[in-house]
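The values are calculated or read from the model by the stated rules, or taken from the named source; none is laboratory data. Bear in mind the structure is a predicted one, so any value in this text is a computation, not a measurement. For neighbour counting, all protein chains shown are included, and Cβ atoms are generated from backbone atoms with ideal geometry for every residue, glycine included.
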Amino acid sequence: MVPWCLCSFKGLGILAMKTGAKKKQSVSELDHVELRSKSTDERFSLSAILTDSCGFKDLFVHHEIIPAGRRSSSPHAHSRREEMIYVLSGTVIAHCGSQVHELGAGDFFGFKPGTLDTHYVENRSAEEARILVIATNPKGDEVVYGKGSVFRRV
């Protein structure tokens, strides 16, 4: 089984949907928090969670700004969380196991759970990149970081 999928929807806009949100919101109005590694203090992307304002429990969506030369996270894998990224602007590199894919605006890439093929996204370009991360939010998800061999709850 292949632990990833690669597709392109070049030029496809993001459709607005009715949600449980109490008011219309713009991503630019949300507070983006800089993510950092707890073990190395490496600076990662700036992230804003979109689904909190909708009260969703099983869906997790966040907007990330990945400055030039940074990654979105440390390499990791999930036991249960299905995760995909959609590139809004810029160019990123999606890493999944030993595979590397360059993605641009309109491309998306999925990471399947239950494999120890770690994944992460990086921005090797000189310009910032913006992505949406869309994921399930299952109970009991365990995560492995780096090239570890066991999942652990976080």
Among the residues listed as HIS76, HIS95, HIS32, HIS63, the single one being closer than 23 Å to GLU128 by Cα, surrounded by 14 or more Cβ atoms within 10 Å (Cβ to Cβ), touching a helix residue (DSSP H, G or I) at 6+ places or on another chain (Cβ under 6 Å) and modelled with pLDDT of 80 or more: HIS63
Considering only the range 62-83, state which residues are without any contact (Cβ under 8 Å) to a residue 60 or more places away in the chain and either over 22 Å from SER39 (Cβ atoms) or part of a strand (DSSP E or B) (or both). ARG71, GLU82, GLU83
Test: residue in the range 79-89 that is among the β-branched types (Val, Ile, Thr), modelled with pLDDT of 95 or more and touching a strand residue (DSSP E or B) at 6+ places or on another chain (Cβ under 6 Å): yes
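Here's the yes/no breakdown for (1) farther than 22 Å from LEU103 by Cβ; (2) polar (S, T, N, Q):
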| position | (1), (2) |
| --- | --- |
| LYS38 | yes, no |
| THR51 | yes, yes |
| LYS57 | yes, no |
| GLU64 | no, no |
| ARG71 | no, no |
| HIS76 | no, no |
| VAL87 | no, no |
Residues in the range 123-154 that are under 23 Å from LEU30 (Cβ atoms) and either modelled with pLDDT under 95 or assigned to a strand (DSSP E or B) (or both) total 9
